[in-house]
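Here's the structure, in structure tokens; my notes come after.
The values are calculated or read from the model by the stated rules, or taken from the named source; none is laboratory data. Computed from a predicted model, the values in this text were never measured in an experiment. Every residue, glycine among them, receives a Cβ derived from its backbone with ideal geometry; neighbour counts consider all protein chains shown. With ligands, DNA and RNA removed, areas are computed over all heavy atoms of the protein, side chains included. Shrake-Rupley method; radii C 1.70, N 1.55, O 1.52, S 1.80 Å.
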Amino acid sequence: QKYDEHKGTQFVFSDLGTYKPGQWNTYSEIKRKLVDDYGIPADQVRFIQEAKTEKSRMAMINAMKEGKIRVLFGSTDMLGTGVNAQHKCVAIHQLDIPWTPKDLEQRNGRIIRQGNMFYERNPDTFTVKIFNYATKQTYDARMWQTIEYKSAAIEQFRKGDLLQRVIDDVASEAANAAEAAV
């Protein structure tokens, strides 16, 4: 499917390694495919690691808010807590599995929040897309399962039901993690 400028912006999260311009790595290959195969202009696929100062980081986030950056790659630390770029965001891609439910919540919280213009235009039909990637026959499925267990335990603790041995309702991030583990 070719790039459509009206489809919005997307976050790509990964805490594994960094983008290194001019060198082949997974991130440069993904960017090449987005440009060559999907027609996204190269200057609209960016990496938060390119920002060397807080001022340039904020400029990049503002460019995403305005739709000038369509795909923004970054780590949970650099794009998680406090980043408000949901204005035109339609999807999040998780290239790796975060270590804690809090990190997963922070990542997903970049898009699941007030201020998304697509949601405001049509709240009855707009849905965000969250893509969780895992590699077959690797530790990925186990990591998603660990996030699921941690999330379920935290949810049980929040409910104050410390004596319950079986958790019937797996809520919020636990459900997302369970889906990704399959």
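Quick rundown of the values:
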quantity	calculated
Top-ranked residue in segment 104-121 [being in a helix (DSSP H, G or I) and without any contact (Cβ under 8 Å) to a residue 40 or more places away in the chain; ranked as nearest to residue 144 (Cα to Cα)]	106
Search result, residues across segment 17-43 that are out of contact with any helix residue (DSSP H, G or I) (no Cβ under 8 Å at 6 or more places or on another chain), loosely packed, with under 13 Cβ neighbours inside 10 Å and modelled with pLDDT of 90 or more	33, 36, 37, 39, 43
Condition met for residue 5 (out of contact with any Cys (no Cβ under 9 Å at 6 or more places or on another chain), surrounded by fewer than 21 Cβ atoms within 10 Å (Cβ to Cβ), modelled with pLDDT under 85 and closer than 16 Å to residue 117 by Cα)	yes
Index of the failed condition, residue 46 passing every other in (1) part of a helix (DSSP H, G or I); (2) surrounded by 14 or more Cβ atoms within 10 Å (Cβ to Cβ); (3) not hydrophobic (A, V, I, L, M, F, W, C)	(1)
Failed item, numbered, when residue 56 is tested on (1) outside any helix (DSSP H, G or I); (2) at pLDDT 90 or above; (3) open to solvent by 10 Å² or more (accessible area, probe 1.4 Å); (4) farther than 16 Å from residue 14 by Cβ	(1)
Scan of segment 111-146 for residues that are over 23 Å from residue 80 (Cα atoms) and among the aromatic types (Phe, Trp, Tyr), ordered by number	139
Count of residues meeting criterion [hydrophobic (A, V, I, L, M, F, W, C), more than 28 Å from residue 142 (Cα to Cα) and assigned to a loop (DSSP other than H, G, I, E, B)] in segment 77-103	2
Filter result for residue 72 (outside any loop (DSSP other than H, G, I, E, B), at pLDDT 85 or above, more than 23 Å from residue 33 (Cα to Cα) and open to solvent by less than 10 Å² (accessible area, probe 1.4 Å))	no
Residue within segment 91-107 that is modelled with pLDDT of 80 or more, among the small types (Gly, Ala, Ser) and out of contact with any strand residue (DSSP E or B) (no Cβ under 6 Å at 6 or more places or on another chain) present	no
Qualifying residues in segment 118-149 (those that are touching a helix residue (DSSP H, G or I) at 6+ places or on another chain (Cβ under 7 Å) and farther than 25 Å from residue 89 by Cα) - the one modelled with the lowest pLDDT	141
Residues located in segment 77-95, provided they are open to solvent by 10 Å² or more (accessible area, probe 1.4 Å) and touching a residue at least 12 places away in the same chain (Cβ under 8 Å)	77, 78, 81, 84, 86, 87, 88, 90, 93, 95
